[in-house]
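What follows is one structure encoded as structure tokens, with my remarks underneath.
The values are calculated or read from the model by the stated rules, or taken from the named source; none is laboratory data. Since this is a predicted model, take the numbers as computed values, not measurements. Here the Cβ positions follow ideal geometry from the backbone for every residue, glycine too, while neighbour counts run over all protein chains shown. For accessibility, only protein heavy atoms count, side chains too; no ligands or nucleic acids. Shrake-Rupley method; radii C 1.70, N 1.55, O 1.52, S 1.80 Å.
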Amino acid sequence: MLVQQKQYLYVRVVKGKDLLAEYDFGGRDCYVEVRLGNHKETTRCLTFHKWSPNAWNQVFAFLRDKIEATMLEVTVKDYFHMADDFRGWVLYDLSAIPKRLQPDSPQWHRLVDRKGDKLKGELMLALWWGTQADEAFLEADSLGVVDDLDNIHLRKYYSPRLWYLRVDVIEGQDLIPCDTTRPPESFVKATLGNQSMRTRISMMKSTNPVWNEELMFVAEEPFEEHLILSVEDRVGPNKDERDAIAEGQETKQGRIHMRICLGGGFHVLQGSAHYSSDLRPAAHQLCKKNTGFLELGILSAHGLSPMKTKDGRATTDAYCVAMYGTEWVRTRTIIDSFTPKWDEHYYWQVFDPCTIVTIGVFDNFHLQGEDTRIGKVRIRVSTLETGRVYTHWYPLLVSHPSGVKKMGEIHLKVRFNCAPLLIMMHKYSRPLLPDMHYIHPITISQLDSLTHHANQMVCMRLSQDKEPLRKDIVEYMLDVGCETRQSKVNFLRIKGLFGGLITVGNWFIEMYSWKNPISTVVTHIIIFIFAIYPELILPSIFLSFFNWSLELQTQTELSSPH
């Protein structure tokens, strides 16, 4: 492992059996309480019926160094508004719990009462000792005694699988316009969810228009949205009348010829193309085998800037979000610390080495506002030597109106285990994007619009989780709008390069427009003298350079310490 191993007690509560009494005809609301000494965690409350058995399937993790009890108590309780009722429990000696690298298989445990007598009900549990490298570490609904947070824990998220939907609008036949006194100006409007596009007005102003135009949308699995196509007539500058709907109506108003397909050979960009972490096509059948594994250890941070004020003092509640491919992970939040320690280990499959893993650090506002950005780190996988462990302190930088500000440093460990050299060389010889991007290229305007819609879908999916990632966090990780910032920076660079010429041009405009009459008259006199005595031009230029160098030397001597 890349991080310091810590022992955790994992308790997976799967489901119950025979939890109802004979008189429970309408069902019973039950939940499970897991207790270790003074620390307890509870599952969600489920209503059990004789004809529909439910399952909790929740995992809890407890840090071994902070466990003071010797017995594990797993209690089944009935939920009542006044006071919960005891239904039975399972007692387990911690010394008898096995140590496994993989989660232990669940087993049925008979419930007993407080006197130790066996009851009718049973509870399916899985108990084992593991580390933070265990897959159940990311599934844990609560980390028990790891921290004091009740609602923000580490989690894993998955981006939706996105496809490009291509709609080729070819022509219409036998359309019936609403106004027969003038030739129709028809176009096709297509809507998919929140996306809406339209073709140009057909050049053939008749009832058999021809468009031959392609419209592209972003579709999300599962494909639940309806594609709505309508043929409309342009009556005026801001007035359109609908002629026919492609879905069909009771009265036939013509036909439309089109071709619709899902572009599985394309990769759907979700953010900036410069920092992409996934370049695979949308169709599973076209995806290549993985070329290796990327391991990331998020160790700690130090020197974090205070982000908010709590009880009259500055504080920071930091957590990390790491993104690679379609998998997102979020570490647990460390409360009130400028030097948080996470010691969490993650790994991803790598399908293309020319990708980037992004790690962002944020301050948690505990659902009372937007989380604040502390900084972000990007690591290009192709720069990592195979099998080597990189340990480094990375600066956290954030752009402010006054400039770039350092907000602290984060300590990371990274290791990339790749395939044999020949396979890697073959990967580097292939184009960066799937072949369909070069066979049927997408225009820049289309790509910008599609990327925007794809980003909105990713934000919507991740914000619908039980513990959501906010939209501003997802956009920050995906570098939404970075092209605008880069364009502004490049413009300022070009402006600085030609700053001298711009200054001379402004001076010439001021002189030509007589904004300063004295300088304009003096300039005309100098030009008149140079026209009469052209041999004075070069001496005047050299004399000007000599005076400028003397002034520069004088300023340097005055500014230097004695």
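Between Ala190, Ala244, the distinction of being modelled with pLDDT of 90 or more, touching a strand residue (DSSP E or B) at 6+ places or on another chain (Cβ under 7 Å) and of a type in the set (A, V, I, L, M) belongs to Ala190 only. Screening the stretch 391-424 for residues that are of a type in the set (S, T, N, Q) and part of a strand (DSSP E or B) and picking the one that is nearest to the chain's Cα centre (by Cα) gives Ser399. In the stretch 7-39, what residues are assigned to a strand (DSSP E or B), open to solvent by 30 Å² or more (accessible area, probe 1.4 Å) and modelled with pLDDT of 80 or more? Within the stretch 7-39, Arg12, Lys15, Lys17, Arg35, His39 qualify.
Taken together, Phe362, Phe416 contain a single residue that is within 21 Å of Ile473 (Cα to Cα) and touching a Ser or Thr at 6+ places or on another chain (Cβ under 9 Å), which is Phe362. Taking the criterion of being within 15 Å of Gly360 (Cα to Cα) and part of a loop (DSSP other than H, G, I, E, B), the residues of the stretch 277-304 that qualify are Ser277, Leu304.
Among strands (runs of 3 or more DSSP E) entirely within the stretch 163-223, having at least 1 residues that are open to solvent by 40 Å² or more (accessible area, probe 1.4 Å) and over 28 Å from Val458 (Cβ atoms) singles out 210-220. Scanning the stretch 428-445 for residues that are open to solvent by 40 Å² or more (accessible area, probe 1.4 Å) and not hydroxyl-bearing (Ser, Thr, Tyr) returns Arg430, Pro431, Leu432, Leu433, Asp435, Met436, Ile439, His440, Pro441, Ile444. Being closer than 30 Å to Val268 by Cα and of a type outside the set (Asp, Glu) holds for only one residue in Phe362, Phe338, and it is Phe362. The set of residues from the stretch 310-340 being among the polar types (S, T, N, Q) and not in a loop (DSSP other than H, G, I, E, B) comprises just one member, Thr315. Considering the conditions (1) under 18 Å from Tyr476 (Cα atoms); (2) open to solvent by less than 90 Å² (accessible area, probe 1.4 Å), Val404 is excluded by exactly one of them, (2).
For the stretch 40-49, the criterion of a residue being modelled with pLDDT under 85, among the hydrophobic types (A, V, I, L, M, F, W, C) and surrounded by fewer than 16 Cβ atoms within 10 Å (Cβ to Cβ) is satisfied by no position. Evaluating Phe338 against the criteria (1) out of contact with any Leu (no Cβ under 6 Å at 6 or more places or on another chain); (2) open to solvent by 20 Å² or more (accessible area, probe 1.4 Å) leaves one unmet condition, (1). Candidates in the stretch 284-308 are the residues that are of a type in the set (A, V, I, L, M, F, W, C) and at pLDDT 90 or above; of these, the one that is nearest to Ile334 (Cα to Cα) is Ala301. Restricting the first member to the stretch 457-473 and to residues that are surrounded by 14 or more Cβ atoms within 10 Å (Cβ to Cβ), and the second to residues that are of a type in the set (Gly, Ala, Ser), the beta-carbon pairs closer than 7 Å and six or more apart or on different chains are Val458/Ser159; Arg461/Ser159; Leu469/Ser463; Arg470/Ser463; Lys471/Ser463. Cβ-Cβ contacts under 6 Å between residues 6 or more apart (or on different chains), taken from a first residue in the stretch 214-228 that is free of Cβ contacts under 8 Å to residues at least 12 places away in the same chain to a second residue that is loosely packed, with under 14 Cβ neighbours inside 10 Å and among the hydroxyl-bearing types (Ser, Thr, Tyr), are absent.
Identify the residue in the stretch 375-390 that is part of a strand (DSSP E or B) and either open to solvent by less than 40 Å² (accessible area, probe 1.4 Å) or touching a residue at least 60 places away in the same chain (Cβ under 8 Å) (or both) and, among all such residues, is farthest from Ala273 (Cα to Cα). The qualifying residue farthest from Ala273 (Cα to Cα) is Val389. In the condition set (1) in a strand (DSSP E or B); (2) modelled with pLDDT of 85 or more; (3) surrounded by fewer than 16 Cβ atoms within 10 Å (Cβ to Cβ), Val235 is compliant with all but (2). Would you be able to say whether some residue in the stretch 78-95 is open to solvent by less than 20 Å² (accessible area, probe 1.4 Å), under 38 Å from the mean Cα position of the chain (by Cα) and at pLDDT 85 or above? There is no residue in the stretch 78-95 that is open to solvent by less than 20 Å² (accessible area, probe 1.4 Å), under 38 Å from the mean Cα position of the chain (by Cα) and at pLDDT 85 or above.
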